[in-house]
Amino acid sequence: MKRTTRFLSCLLLPFLLAACTPQVTDDTVFSLYYYNIGLTAGETISISPSYMGAPPTDFRIYSITRNGKVFYDPRLDGELTEDDSFYINPSDGQFFVLNTAEMDTGTYVISLTCNSDGVGYDCPGIITVEIKSAE
């Protein structure tokens, strides 16, 4: 009987040890998240980011494409302002879609940069805005 008990103990021990795993920890330094947006032409919206890590700052849109083609490039078009159809608040990352009544319908993909804890982050294609006609 003792032999059987020892044998079963030795057999079960690896399974019991395998069940005791260390706590899962996330070592992600920084992640930034935005919801994608669907609008009808004429509507406006603003969304704020969520993030993991140190609070981000210094937000800047560096590219917008519409249906895969360049819609906005700051080197050619200059910096976006609060009067433009797309705008991001540089300090807190709140993203605005405004003045959409005259915009062409389609899928707009926004790429931006920001800083977190002194490190710059490039976020290509982080926001997708689908604008549909107001029929």
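The values are calculated or read from the model by the stated rules, or taken from the named source; none is laboratory data. Keep in mind it's a predicted model, so treat the numbers as computed, not measured. Note: ideal-geometry Cβ built from the backbone for every residue, glycine included; neighbour counts use all protein chains shown. The area values use the complete protein model at the heavy-atom level, side chains included, leaving out ligands, DNA and RNA. Shrake-Rupley method; radii C 1.70, N 1.55, O 1.52, S 1.80 Å.
Could you name every one of the strands (runs of 3 or more DSSP E) located completely within region 71-135 that has at least 1 residues being open to solvent by 40 Å² or more (accessible area, probe 1.4 Å) and either under 16 Å from Tyr51 (Cα atoms) or at pLDDT below 95 (or both)?
Passing ranges, in order: 106-116, 119-132.
Restricting to region 1-57, and then to whatever is assigned to a loop (DSSP other than H, G, I, E, B), of a type in the set (A, V, I, L, M) and open to solvent by 100 Å² or more (accessible area, probe 1.4 Å), can you tell me which residue is modelled with the highest pLDDT?
Within region 1-57, the match that is modelled with the highest pLDDT is Val29.
Taking region 78-134 as the region of interest, how many residues are small (Gly, Ala, Ser) and over 21 Å from Gly68 (Cβ atoms)?
8
Can you go through Phe86, Phe71 and tell me which one is in contact (Cβ under 8 Å) with a residue 40 or more places away in the chain and of a type in the set (Phe, Trp, Tyr)?
Just a single option satisfies the conditions, and that option is Phe86.
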